[in-house]
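Colleague: Below is the structure I would like to discuss, written out as structure tokens.
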Amino acid sequence: MDQLGSRAPKKRSRALAVPVGLALTASLAFLPVVSASAAPLGTTADAAPASKADTSGPKLSYVANLNAYATMKAAKKAVERSGGTVVTAYEQIGVVVAHSQNPDFAKQLRAQRGLFVSVGATRTAPMTAARTTDEGATQQLSAADAAKAAAAAQEGQEPLEPNQWDLRTIKADKAHKINDGSRDVTVGIIDTGVDDTHPDLAPNFSKGQSANCVGGVADTTEGAWRPYADGSDHGTHVAGTIGAARNGIGVSGVAPGVKIAAIKVSEPGTSLFYTEAVVCGFMFAAEKGIEVTNNSYYVDPYLFNCKTDDDQKALVEAIGRATKYAERKGTLHIASAGNSDQDLAADSLVDDTSPNDTTPVPRTIDPKVCLDLPTQLPGVVTVSATGDKGLRSYYSSYGLGVVDVAAPGGDKWQVPDTPDANGRVLSTVPGGGYGYKQGTSMAAPHVAGVAALLKSAHPSATPSQLQAMLKAQSTKAACPTQIYNAAGTLVDATTCASKWGQTGYYGYGVIDALKAVK
């Protein structure tokens, strides 16, 4: 995520008697969908909330997950009777997004077991008008460092490429001499928006596959996918790492020949990523034929979503249905492991940041029951971060059997032999500039780029096959003896576990772009 490692800036009708959902049960690993007729993305209902419902509470957003035999028509009517307004309905996965001021809205819908398996509020703070706040500064590339890099650039390199130690770490520079990616492959960046006017991004940007999903309904009007005027540069930085063009300007992406698309899901002002927007993002990616999504965030307001909690259980269900649907449509999802330096395979963890949209309540959770979304969902590739020396970055979360692969995310203590001597990751920022960030947010797009190269080389490969190739072609990395801590001191790496040919720090290994194109 941001320069200090937080994955995203945080202050994140026809029905059939036998529904299509029954055919999807095995692949979804969640309760199935309810109708064979797919609702267009963004379908809305114009019915007003029921007049008898209590409206004394704050206006909140909810997701309601239908059971196997419920019809969407009946579900919508139930939402309205309980004082809700349908925002959008995804018949493909049996999920309704609704707004309500009824304090008992979720409770009343949960009682209707013939219709819903789970219902939950997607936030703990009332919905308010957009507001703006500063997000914190990225370390900008100085003119002096840009000049040093340009002077050191060799023939065939981009002007700032000498500072891109991360590309050389995964052999992306060598891969580009063989295959820099296909225009038939698109990586969707589910994030804070992308500045498609940036000269390093414009050549590869796909407007037709881009949208603003904030609020839960896809807005595809011109520029809707761009960052807010006062907003985060996070998504633009991620975009450059994936697909900055080799055009003699600035930097190069890992897959400079593929297309990139922006799916903005962050709230204005807070940059929080709420469930309704993220579900919209995955569904939009699926319907637009996007082959890979990059997810350098966690779904707010909970760092971990516990299935034992009625609200959080519903969030896990809704997002899980959306990711599985997209996977069935051919989309591979890449996600960052997080920047809390936590062992996601531990028996218990302390979460003292949730909910992050109101007042956090410290709690001890079991990460096998309380999931980091979308990182810990089935089928999602989970990525930890490394620095120039190949050590796990001091902030990166990890976990044996949780982390799939590792990639350069930057580490200010692992200083590379580059003209700028900067251990962070250099990439694009809005307004045509360049800047440095570090975090697992920066690691995930390296993997998304390599996945796009794999898809370019193997166009018929399924998401599960691409994931298997990512793991098999990674460079194995054993547990190190020492790593840097947050203070920059080398300490014993006692938290690294290994088994099954994997390690908790690196999973199956560090991804390799050269192997992907050979």
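Colleague: Checking the condition in contact with a Leu (Cβ under 9 Å, 6 or more places away or on another chain), open to solvent by less than 60 Å² (accessible area, probe 1.4 Å) and at pLDDT below 80, which residue from SER37, SER118, SER100, SER27 passes?
Modeller: On the way: SER118 fails: at pLDDT below 80; SER100 fails: at pLDDT below 80; SER27 fails: in contact with a Leu (Cβ under 9 Å, 6 or more places away or on another chain).
Criteria check complete, one pass: SER37.
Colleague: Further question on the same structure: On the basis of being under 25 Å from the mean Cα position of the chain (by Cα) and polar (S, T, N, Q), does SER498 make the cut?
Modeller: Values: under 25 Å from the mean Cα position of the chain (by Cα): no; polar (S, T, N, Q): yes.
Judged against the criteria, SER498 is not a match.
Colleague: Let me ask something additional. Could you list, ordered by first residue, the pairs with Cβ atoms under 6 Å in which the first is in the range 193-210 and more than 16 Å from SER182 (Cα to Cα) and the second is open to solvent by 10 Å² or more (accessible area, probe 1.4 Å) and among the aromatic types (Phe, Trp, Tyr), at least 6 apart or interchain?
Modeller: ASP196/PHE205
Colleague: Out of the residues in the range 311-359 meeting the condition of being open to solvent by 10 Å² or more (accessible area, probe 1.4 Å) and among the basic types (Lys, Arg), tell me which one is nearest to GLY94 (Cα to Cα).
Modeller: Top of the filtered list is LYS324.
Colleague: Looking at SER56, SER61, can you tell me which residue is at pLDDT below 95 and either surrounded by fewer than 18 Cβ atoms within 10 Å (Cβ to Cβ) or within 29 Å of the chain's Cα centre (by Cα) (or both)? Walk me through how you get there before you give the answer.
Modeller: Working: SER61 fails: at pLDDT below 95.
Result of the check over SER56, SER61: SER56.
Colleague: Shifting gears a bit: So which of ALA151, ALA89 ends up being small (Gly, Ala, Ser) and under 17 Å from SER252 (Cα atoms)? Talk me through it step by step, then tell me what you get.
Modeller: On the way: ALA89 fails: under 17 Å from SER252 (Cα atoms).
Answer to the check: ALA151.
Colleague: Step by step: first the residues of the range 384-399, then only those that are part of a strand (DSSP E or B) and closer than 11 Å to GLN414 by Cβ, then the one that is farthest from the chain's Cα centre (by Cα). Which residue is that? Spell out the reasoning first.
Modeller: First, the residues of the range 384-399 that are part of a strand (DSSP E or B): 384-386, 392, 398.
Among the residues that remain, those that are also closer than 11 Å to GLN414 by Cβ are: 385-386, 392.
Numbers: ALA385: 15, THR386: 18, ARG392: 20 Å.
By that ranking, first place goes to ARG392.
Colleague: Among the candidates ALA149, ALA111, which residue alone is modelled with pLDDT of 95 or more, among the aliphatic types (A, V, I, L, M), more than 24 Å from the chain's Cα centre (by Cα) and open to solvent by less than 60 Å² (accessible area, probe 1.4 Å)? Spell out the reasoning first.
Modeller: Values: ALA111 fails: open to solvent by less than 60 Å² (accessible area, probe 1.4 Å).
From the options ALA149, ALA111, the qualifying one is ALA149.
Colleague: Mind checking whether some residue in the range 266-285 is within 17 Å of GLY320 (Cα to Cα) and either surrounded by fewer than 24 Cβ atoms within 10 Å (Cβ to Cβ) or of a type in the set (Asp, Glu) (or both)? Talk me through it step by step, then tell me what you get.
Modeller: Residues of the range 266-285 within 17 Å of GLY320 (Cα to Cα): 273-285.
Then drop every residue that is not either surrounded by fewer than 24 Cβ atoms within 10 Å (Cβ to Cβ) or of a type in the set (Asp, Glu) (or both), which leaves 276.
Scanning the range 266-285, I find at least one residue that is within 17 Å of GLY320 (Cα to Cα) and either surrounded by fewer than 24 Cβ atoms within 10 Å (Cβ to Cβ) or of a type in the set (Asp, Glu) (or both), so the answer is yes.
Colleague: I'd like the full set of residues that are acidic (Asp, Glu) and either in contact with a strand residue (DSSP E or B) (Cβ under 6 Å, 6 or more places away or on another chain) or part of a helix (DSSP H, G or I) (or both), limited to the range 57-92. Full working, then the answer.
Modeller: Step one: list which residues in the range 57-92 are acidic (Asp, Glu), which gives 80, 91.
Passing the criteria: only GLU80.
Colleague: Note down all Cβ pairs under 6 Å where the first residue falls in the range 280-292 and is β-branched (Val, Ile, Thr), the second is open to solvent by less than 10 Å² (accessible area, probe 1.4 Å) and part of a helix (DSSP H, G or I), and they're at least six residues apart or on different chains.
Modeller: VAL292/ALA448; VAL292/ALA451; VAL292/ALA452
Colleague: Oh, and also: Does the range 208-220 contain at least one residue that is more than 30 Å from ALA64 (Cα to Cα) and surrounded by fewer than 19 Cβ atoms within 10 Å (Cβ to Cβ)? Before the answer, list the steps.
Modeller: Applying the first criterion (more than 30 Å from ALA64 (Cα to Cα)) to the range 208-220 yields none.
Among the residues of the range 208-220, not one is more than 30 Å from ALA64 (Cα to Cα) and surrounded by fewer than 19 Cβ atoms within 10 Å (Cβ to Cβ), which makes the answer no.
Colleague: Criterion first (at pLDDT below 95 and among the small types (Gly, Ala, Ser)) does ALA68 satisfy it? Break it down into steps so the answer makes sense when it comes.
Modeller: Details: at pLDDT below 95: yes; among the small types (Gly, Ala, Ser): yes.
Taking the combined requirement at face value, the residue satisfies it.
Colleague: If you scan the range 372-400, which residues turn out to be surrounded by fewer than 24 Cβ atoms within 10 Å (Cβ to Cβ), aliphatic (A, V, I, L, M) and closer than 20 Å to GLN438 by Cβ?
Modeller: Listed by number, the list holds a single entry, LEU391.
Colleague: Which one of these is part of a strand (DSSP E or B), in contact with a Ser or Thr (Cβ under 8 Å, 6 or more places away or on another chain) and buried (at least 24 other Cβ atoms within 10 Å of the Cβ): GLY188, GLY240, GLY235, GLY193? Step through it out loud before you land on a result.
Modeller: Working: GLY240 fails: part of a strand (DSSP E or B); GLY235 fails: part of a strand (DSSP E or B); GLY193 fails: part of a strand (DSSP E or B).
Result of the check over GLY188, GLY240, GLY235, GLY193: GLY188.
Colleague: So, one more: What's the total number of residues in the range 401-411 that are surrounded by fewer than 24 Cβ atoms within 10 Å (Cβ to Cβ) and either among the β-branched types (Val, Ile, Thr) or touching a Lys or Arg at 6+ places or on another chain (Cβ under 6 Å) (or both)?
Modeller: Kept after step one, since they are surrounded by fewer than 24 Cβ atoms within 10 Å (Cβ to Cβ), are these residues of the range 401-411: 401-402.
Going one step further and asking which of them are either among the β-branched types (Val, Ile, Thr) or touching a Lys or Arg at 6+ places or on another chain (Cβ under 6 Å) (or both), we end up with 402.
Total satisfying the criteria: 1.
The values are calculated or read from the model by the stated rules, or taken from the named source; none is laboratory data. Fair warning: this is a prediction, and the values are worked out from it, not measured in the lab. Positions of Cβ are backbone-derived with ideal geometry, glycine not excepted, and every protein chain shown enters the neighbour counts. To get the accessible areas, we keep the full protein, side chains included, count just its heavy atoms, and leave off ligands, DNA and RNA. Shrake-Rupley method; radii C 1.70, N 1.55, O 1.52, S 1.80 Å.
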